[in-house]
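Before any comments, here is the structure.
Just so you know, all these numbers are worked out from the coordinates, no wet-lab data involved. Quick caveat: nothing in here was measured; it's all calculated off a predicted structure. Using ideal geometry, Cβ is built from the backbone for each residue, glycine included, and neighbour counts are taken over all protein chains shown.
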Amino acid sequence: MGKNIFFKQKGPYLLSEIFDSFQLKKKIKIFDIKPLNEASKFDITFLDSIDYLDYAKTTKASCCITTEKLKIHLPNSCFPITVKNVLFELCNVARKFYPDADIDIPDFSLRKPAKSKYPKVRFGNNVLVGKNCKIGKNTLIGSNTIIEHDVVIGENCMIGSQIVLKNSIIGNEVVIQDGCKIGLKGFGFIPLKDKNLRFPHIGKVILKDNSELGANCTIDRGSIGDTIIGKNSFLDNQVHMAHNVKIGNNCMIAGQVGFAGSSTIGDNVSIGGQAGISGHLKIGNNVKIGGGSGVVKNIPDKTVVMGYPAVPLKEFLKNTKKK
């Protein structure tokens, strides 16, 4: 079981303690909450969409929050907890395990970095670093940048000025330009009549080797699971990635592109400026998406699309000629 280094975790709990309103005869001890494909026999998971049936059939979780219709897709080893609203129950479970992850509390461990601790790192003026941070040799940190507790930064990185880094693991030779905000809580809540229920975001951001972020990008950490940018993928200025988005290797993302939550982008994908990618989509490998496009459905490998809604390029050009 991988320990969450960024948020204090409570538990373990018996399943009957988590769902005290259910009549549960089976005694199951739960240590953590994880996505279907990452869960172990010590974890609880969730299934709320047919889009994740492949993961559901092979999950190793001991139990799963799901619906009456979807529970048939779980293996016999996974005990179903059937509910009417999966995300509402998931939110309550996440808040029980991670009560401090539903809002970003300021890091009061921030201090001026000690040269003795980071002898091969060059810091600009007014840099603050939290406890338990690891920063690799030959990395440069620009002025007025904040690196919060437990963040890991690899070797030979260039971290610009006025950046906030939290809940993140950064690989080697990564470039982050000025003004980026990385690892903040995403836009997730359960709408209620009197007061919206904030959904805890207990994941992290992972930037793999030789990736680059342009100025003023905002990269939200994962909710349940992680937000990931692959090796050698470059993002232009002002790109926004919502929680749990995963971008593959060797991708090129132009300025002001927006990714809604939980979409997965393949390898060698190019996206033109100001395009929008809806949530929970799968974009294949070697895909090209034209600037200003609105992607609202899955895109298979080696496809070129454009327009709103985005369609194959030949179809887009044909429709344009008709007008």
Taking amide H atoms as placed 1.01 Å from N in the peptide plane, list the residues 5 or more away in sequence, or in a different chain, whose amide H sits under 5 Å from that of Phe189. Phe199
Give me Thr58, Thr303 sorted ascending by neighbouring Cβ count inside 10 Å, so fewest comes first. Thr58, Thr303
DSSP beta bridges in the chain [antiparallel fraction, %, rounded to 5]: 10 percent
Computed helical MRE - 222 nm, the chain, DSSP H runs ≥ 4 contributing -39500 (n - 2.57), nearest 500: -2500 deg cm²/dmol
Kirkwood hydrodynamic radius for the stretch 122-322: how many Å is it when counted over pairs of different Cα atoms? 17.3 Å
Quick one: which residues, 5 or more positions from Ile65 or on another chain, have an amide H under 5 Å from its amide H? H modelled 1.01 Å from N in the peptide plane, none for Pro or chain starts. Thr45, Phe46, Leu47, Ile81
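Over all distinct Cα pairs, what is the inverse of the mean 1/r for the stretch 13-97, reported as the Kirkwood hydrodynamic radius in Å?
About 12.5 Å, per the Kirkwood formula over Cα pairs.
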Apply the Karplus curve 6.51 cos²θ - 1.76 cosθ + 1.60, θ = phi - 60°, to the phi angles in the stretch 96-106 and return the couplings in whole Hz, x for Gly and Pro. 6, 7, 10, x, 9, 9, 8, 8, 7, 7, x
I'd like to know which of Ile224, Phe234, Gly130 lies farthest towards the positive end of the charge dipole of the stretch 103-241, counting +1 on Cβ of Lys and Arg and -1 on Cβ of Asp and Glu. Gly130
Which whole-Hz couplings ³J(HN,Hα) result when phi for each residue of the stretch 163-170 is put into the Karplus expression 6.51 cos²θ - 1.76 cosθ + 1.60, θ = phi - 60°, listed in order with x for Gly and Pro? 9, 10, 10, 8, 6, 9, 10, 10
With charges only on Cβ, +1 for K and R and -1 for D and E, what is the dipole size of the chain about its Cα centre, in debye, rounded to 20? 240 debye
Give me the net charge for the shell around Asp209: Cβ to Cβ below 12 angstrom, other residues only, Lys and Arg +1, Asp and Glu -1. -1
Amide H neighbours of Ile299 under 5 Å, counting only residues 5+ apart in sequence or on other chains, H built in-plane at 1.01 Å? Lys282, Ile283, Gly284
Taking a 31 Å limit on the Cα-Cα distance, which of the listed pairs Lys3/Lys288; Lys60/Lys181; Lys29/Lys137; Lys112/Lys282; Lys34/Lys134 fall beyond it? Lys3/Lys288; Lys60/Lys181; Lys29/Lys137; Lys112/Lys282
Reachable aspartates and glutamates from Lys208, criterion Cα separation under 20 angstrom, eight or more residues apart if same chain: Glu38, Glu148, Asp150, Glu155, Glu173, Asp178, Asp220, Asp226, Asp236, Asp267
Counted charge near Lys60, where neighbours are those whose Cβ lies closer than 12 Å (Asp, Glu -1; Lys, Arg +1): +1
